[in-house]
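These notes concern the structure reproduced below.
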């Protein structure tokens, strides 16, 4: 009888990943990453270049910079670009995103960061709300995740209510209304920033 | 009879044996199926890695605004000029003065001053919270005002937040109008105040009457407009001294300064109205 039960249990299909496991693992991984970055920022020992390099290494897997670049461009203009232009755009834009991100890190001044557990808002979307606890207020930073081929990755950050992707999107759209794609690429090449 | 039972037992034995034989087989088949799925997926993603850049990812459409949408912006040229003016003013006048001010006045005192003025603007926050039927928030604002004005020594200190974790609920009349569904209207850039929109501009008026600093107010006791202007300038200066680096840093993300500030302002307002 016991053998029967055991074998029935063995036959049962292996569990597919339950959604709840996902939420928990994303929360704990993200919290660990944030803690590591904060620790690095607080240490302040190494020079900026080394520190920045380390931070990018830490967050590279979490952020889907490519997807952020594509979303900032918008489908309409993406379709208008040829393969080389797309490649160049992504390279330049991702470089700019990383620089912008590192620049913001310089604004950090020892605030505490509270990380809320991840919330699954849709089948393929999760959000993690974090708070920057300042001297006289708490400010929100919301990380939006989607399920990519490489697992859950960040595709947008909403800083104090302002979405990075949305802001870049309207800016690029505004630029391309009056100028061409080549102009955009040229601008990104020469200035190193938009 | 016995033969029947024996037969049945034998039959059952065979069945059991077959069953136990099948278990590992089924298990094996299942596991290999899963493994091959995973391998296939990895292979697929390797193949598509080159074309990954071609694939856009279709399900983000409902999350971001359509890039084709035309923003109604009748005051565009004026706004651009005013943005340039404000930016020049901030970069070449306000920030340097604030930097000097920061250098002279320690941060703690500046925070205290900021806290003092923030406390003074309680009537504006209270009224607008009530108008938006946010009674709990209005209540918390009242507690904050009472605690900070007394224990916090007229508001120079903020024990309401530091001890009781009561945050200020920043509401203004523009947000109240937005709460009741008034659209933002077109964008207007005000001199010195910065970005605003039609609704929020209109909303400045009622709040102005509730502000405690002015010529005919009890706290202000100010004799003339120049003094009022001086006080208001001081408040702005003090507040900005605490935000020097932020302005410069965020500005670097702009392609085009005016649309950038407009976009950031409107997104912030939407969030503030929701809260």
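Numerical summary
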quantity: Test: residue in the range B:79-99 that is within 14 Å of chain A (Cβ to nearest Cβ), out of contact with any strand residue (DSSP E or B) (no Cβ under 9 Å at 6 or more places or on another chain) and either within 20 Å of residue B:248 (Cβ to Cβ) or surrounded by 18 or more Cβ atoms within 10 Å (Cβ to Cβ) (or both); calculated: no
quantity: Helices (runs of 4 or more DSSP H) contained entirely in the range B:119-212, each with at least 3 residues that are touching a residue at least 12 places away in the same chain (Cβ under 8 Å) and crowded, with 19+ Cβ neighbours inside 10 Å; calculated: B:122-131, B:135-150, B:173-179, B:198-210
quantity: Residues satisfying the stated conditions in the range A:56-80, i.e. buried (at least 17 other Cβ atoms within 10 Å of the Cβ) and not in a helix (DSSP H, G or I); calculated: A:62, A:63, A:64, A:74
quantity: Selected residue [modelled with pLDDT under 70 and within 11 Å of chain A (Cβ to nearest Cβ)] from B:242, B:222, B:257; calculated: B:242
quantity: Single residue of the range A:108-130 satisfying the filter (under 17 Å from the mean Cα position of the chain (by Cα) and surrounded by fewer than 15 Cβ atoms within 10 Å (Cβ to Cβ)) that is farthest from residue A:62 (Cα to Cα); calculated: A:121
quantity: Unique residue being under 30 Å from residue A:81 (Cβ atoms) and in a helix (DSSP H, G or I) when the list is B:73, B:59; calculated: B:59
quantity: Condition check for residue A:143: touching a residue at least 40 places away in the same chain (Cβ under 8 Å), assigned to a strand (DSSP E or B), within 8 Å of chain B (Cβ to nearest Cβ) and touching a strand residue (DSSP E or B) at 6+ places or on another chain (Cβ under 7 Å); calculated: no
quantity: Filtered residues of the range A:157-182 (kept if more than 8 Å from every other protein chain (Cβ to nearest Cβ) and under 23 Å from residue A:115 (Cβ atoms)); calculated: A:157, A:158, A:159, A:164
quantity: Every residue from the range A:146-166 that is within 23 Å of residue B:65 (Cα to Cα) and touching a strand residue (DSSP E or B) at 6+ places or on another chain (Cβ under 6 Å); calculated: A:146, A:154, A:155, A:156, A:157, A:158, A:159, A:160, A:163, A:164, A:165
quantity: Selection from the range A:58-94 of residues that are over 13 Å from the mean Cα position of the chain (by Cα), more than 10 Å from every other protein chain (Cβ to nearest Cβ) and free of Cβ contacts under 8 Å to residues at least 24 places away in the same chain; calculated: A:82, A:84, A:91
quantity: Whichever residue in the range A:10-55 is in a helix (DSSP H, G or I) and within 14 Å of chain B (Cβ to nearest Cβ) and, among such residues, is modelled with the highest pLDDT; calculated: A:10
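The rows are residues; the columns are (1) within 14 Å of chain A (Cβ to nearest Cβ); (2) out of contact with any helix residue (DSSP H, G or I) (no Cβ under 9 Å at 6 or more places or on another chain); (3) under 29 Å from residue B:70 (Cα atoms).
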| position | (1), (2), (3) |
| --- | --- |
| B:150 | no, yes, no |
| B:157 | yes, no, no |
| B:174 | no, no, yes |
| B:182 | no, no, yes |
| B:185 | no, no, yes |
| B:204 | no, no, yes |
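The values are calculated or read from the model by the stated rules, or taken from the named source; none is laboratory data. Just so you know, these numbers come straight off a predicted model, no measurement behind them. All Cβ positions, glycine included, derive from the backbone under ideal geometry; neighbour counts span all protein chains shown.
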